[in-house]
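Take a look at the structure set out below.
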Amino acid sequence: MTHHEEHYEPLTHEQLKYREHTERAAHFIKIDLFRSAREEYKAALKYSPGDPFSVRQIDEMNANIQRDKKTVLVLAPLVIILIIAVALLA
């Protein structure tokens, strides 16, 4: 068995903060908190301005937020109609 030596350079403060925000965003995405994820990616951009990954993720979060908004606008009236129908039949 050979000894494999790895060299790690310590991360800068900016790199650590960037990683912190992108990891937190990933956790928010797992539980569909897209607005919170978007804010974390925006915060990550403060430590890595113009980062293409964060910019793409912000665009994706905006698309998810818009999709969810449309879903609510369709479902809310249906739920209200159902509640009124049940109330009238009772």
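Structure notes:
- Degrees separating the helix 34-47 axis from the principal Cα axis of the chain, which is the longest one: 30
- Taking label positions 7 Å along the Cα-Cβ direction at both V55 and A87, the computed distance is 5.0 nm, reported to one decimal.
- Subtracting the Cα-Cα distance of T12 and L73 from their residue separation scaled by 0.36 nm leaves 17.5 nm.
- Crossing angle, helix 52-89 versus the chain [Cα axis fit, 0-90 degrees, rounded to tens]: 20
- Computed over every Cα-Cα pair of the chain and binned at 5 Å starting from 0, the pair-distance distribution P(r) comes out as 3, 13, 16, 14, 10, 9, 8, 8, 7, 5, 3, 2, 1, 1, 1, 0 percent.
- Springs between Cα atoms under 10 Å define the GNM used for the chain, and in it the highest mean-square fluctuation of I58, I29, I80 occurs at I80.
- Applying the criteria of a DSSP loop state and at most 16 other Cβ atoms within 10 Å to the GluC sites (Glu not before Pro) of the chain yields E5, E6.
- Net charge contributed by nearby residues that have their C-beta within less than 11 Å of S48 (K/R +1, D/E -1): +1
- Placing +1 on the Cβ of every Lys and Arg and -1 on the Cβ of every Asp and Glu, with nothing else charged, gives the chain a dipole about its Cα centre of roughly 620 debye.
Each value in this text was obtained by applying a stated rule to the coordinates, not by laboratory testing. A quick note: this is a predicted structure, and the numbers were derived from the prediction, not measured. Because the Cβ atoms are built from the backbone with ideal geometry, glycine has one as well, and the counts that use them run over all protein chains shown.
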